[in-house]
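Peer 1: One structure follows; several queries about it will come next.
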Amino acid sequence: MTDPTLDDLPENLPPTVRAVVEASATPSGRKVLWWVIGGLFGLAFLAFLAVGANRPADPVLGAVESTTTTVPRVKFGNFGELALRVLAAGTKPDQGATPFCVLVADTPAERATGLTGRQDLGGYDGMLFVFPEETTSKFHMRNTPLPLTIAFFDAAANFVSSADMAPCGNRSNCPRYAASAKYRMALEVPQGGLGRLQVGPGSRLILGGTCT
């Protein structure tokens, strides 16, 4: 390696440091020059380590953490909302259950509208249709673009049956979906979403309270 010269110095070298280097850039001071340049590289390396130690959090970890935030609920139409718990088969009321929040359609107009035209449930866990008495009324998906699964419950809030319902355009001959027996309530969720709520054969709804 050849000895360094003044042409080898960085252009942005501070004036005080450059003066020291220039004074040492003589035949008798070349060893000092080497020491100064070596020191500069050492300082640069330490600064690099300091920046690395204070870098922002890993963006991948940040993305994972952000998925844990709760989706805000946005009410639509004139529907009310209600807290709902599901007791899965084989569990007892005193064992507790996960709380959910659903929209409630309990008037003829609200039941007729349901999720017509909706692409999502606005952050709610489902929509609960409540009838004044047990019924055999059938559901359809006319003008409802969101694929849904419906679960039917009797007057004691016990699971009756369920069915997947496919979107249907604006036509009068859309398929009708019926329960396997008379029911009093029907819960619609995004298609395939009953498992998340632990709704299935042997399950029972516990209704009441406010959504948190």
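The values are calculated or read from the model by the stated rules, or taken from the named source; none is laboratory data. Quantities reported herein were computed from a predicted structural model and do not represent experimental measurements. Positions of Cβ are backbone-derived with ideal geometry, glycine not excepted, and every protein chain shown enters the neighbour counts.
Peer 1: Hey, can you tell me all the residues within the stretch 192-211 that are of a type in the set (G, A, S), part of a loop (DSSP other than H, G, I, E, B) and surrounded by fewer than 15 Cβ atoms within 10 Å (Cβ to Cβ)?
Peer 2: Scanning the stretch 192-211 gives G192, G200, G202, G208, G209.
Peer 1: Moving on. Restricting to the stretch 159-181, count the residues that are more than 14 Å from M141 (Cα to Cα), exposed (fewer than 14 other Cβ atoms within 10 Å of the Cβ) and not hydrophobic (A, V, I, L, M, F, W, C).
Peer 2: Selection size over the stretch 159-181: 1.
Peer 1: I'd like to check something: does the stretch 177-191 contain any residue that is part of a loop (DSSP other than H, G, I, E, B), assigned by TED's automatic domain parsing to the domain that holds M127 and modelled with pLDDT under 95?
Peer 2: Within the stretch 177-191, not a single residue is part of a loop (DSSP other than H, G, I, E, B), assigned by TED's automatic domain parsing to the domain that holds M127 and modelled with pLDDT under 95.
Peer 1: Mind listing whichever residues of the stretch 99-134 are of a type outside the set (A, V, I, L, M) and either in a loop (DSSP other than H, G, I, E, B) or touching a Pro at 6+ places or on another chain (Cβ under 6 Å) (or both)?
Peer 2: D106, T107, G114, T116, G117, R118, Q119, D120, G122, G123, Y124, D125, listed by residue number.
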